[in-house]
Amino acid sequence: MMRLFSYIFTFLSVLVFTDCSCQNNKVESALKECVNQKVNKNIQAAYGKEPFDFYDFILKFEKELISNNLLKNRTKDDYYNLLLSIIDDSSDSKYSKIYTQQNNLMDDYGFSAFSTEAIFTQCPYHISESSKDTEGKIIYAEGNVLNKLMAQGFDDKELLKELINTLDEESFKKEVYRAPIILLVMINIDTKYNPDLQKLKERQKGKKFLNKN
């Protein structure tokens with residue numbers, strides 16, 4: 001009899017685990033579907049490019065980071081240190097190669113590093129509203145900090161740390177949660193090394209603004 005109860009308990013435990021895993025996968029798949037739909041809609045309208053998988057695109061860039069020895073492992077600490085290195089870098093050459101590779105990749109897909117609203121806020125809030133389980137809470141927490149970054153600046157170190165800390169290492173291994181952080185790497189590289197943005201900053205230097213007093 002005890003052996004029968006043991007088998008029943010084991011069977012029920014497997015069912016519960018399987019059900020939770022399926023539910024988590026549904027939530028993550030829904031987030032991916034939302035992001036891909038909105039990103040492709042914008043890109044097709046702007047550039048007439050063929051639809052693509054945003055997550056395949058972002059993982060290709062991650063591989064470039066690794067092949068250029070800019071990223072050793074796909075961990076939270078490695079990504080935070082990479083972001084700090086980009087933000088604090090004062091040279092003109094350390095990230096010049098990856099900047100060129102990044103631009104080539106974005107041109108191929110028709111993607112802009114600043115196509116962020118759907119990825120950072122719209123889809124996370126939409127999916128988290130319909131899912132109140134653990135995965136939905138993670139998506140909401142990540143989207144909440146991403147929204148702050150959009151308002152305060154993508155190079156805000158404290159908010160970047162807060163963002164990464166919304167995820168544990170197991171969640172960070174999943175591309176659906178790591179993708180926004182990879183995109184933030186792209187944005188910070190573009191902000192730092194895009195010559196058009198640099199020219200704009202130079203033009204702003206020394207400008208005199210009207211004193212309303």
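Is there a residue in region 105-115 that is more than 16 Å from A179 (Cβ to Cβ) and in a loop (DSSP other than H, G, I, E, B)? Yes: region 105-115 contains one or more residues that are more than 16 Å from A179 (Cβ to Cβ) and in a loop (DSSP other than H, G, I, E, B).
Restrict the check to region 83-101 and report whether at least one residue is at pLDDT 90 or above, under 14 Å from the mean Cα position of the chain (by Cα) and over 30 Å from Q44 (Cβ atoms). Yes, region 83-101 has at least one match. All of (1) assigned to a helix (DSSP H, G or I); (2) modelled with pLDDT of 85 or more; (3) hydrophobic (A, V, I, L, M, F, W, C) hold for L167 with one exception: (1).
Of all residues in region 140-164 being part of a loop (DSSP other than H, G, I, E, B) and more than 12 Å from the chain's Cα centre (by Cα), which is nearest to Y193 (Cα to Cα)? Talk me through it step by step, then tell me what you get.
From region 140-164, those part of a loop (DSSP other than H, G, I, E, B) are 153-156; that's our starting set.
From what is left, the residues that are more than 12 Å from the chain's Cα centre (by Cα) are 153, 155-156.
Details: G153: 16, D155: 14, D156: 17 Å.
So the residue we want is D155.
Please specify each residue of region 102-118 satisfying the condition of being crowded, with 18+ Cβ neighbours inside 10 Å and either of a type in the set (F, W, Y) or closer than 11 Å to M186 by Cβ (or both). So that I can check it myself, show each step before the final result.
Within region 102-118, the first condition is being crowded, with 18+ Cβ neighbours inside 10 Å, and the residues that meet it are 102, 109-111, 113, 115-116, 118.
Within region 102-118, Q102, Y109, F111, A113, S115, T116 meet the criteria.
Evaluating T121 against the criteria (1) assigned to a helix (DSSP H, G or I); (2) more than 15 Å from the chain's Cα centre (by Cα); (3) surrounded by 15 or more Cβ atoms within 10 Å (Cβ to Cβ) leaves one unmet condition, (2).
On the given criteria, is G136 surrounded by 15 or more Cβ atoms within 10 Å (Cβ to Cβ), more than 26 Å from N194 (Cβ to Cβ) and small (G, A, S)? Yes, satisfied.
The values are calculated or read from the model by the stated rules, or taken from the named source; none is laboratory data. Note that the structure is a prediction, hence the values are computed from the model and not measured. No Cβ is skipped: glycine too gets one built from the backbone with ideal geometry, and neighbour counts run over all protein chains shown.
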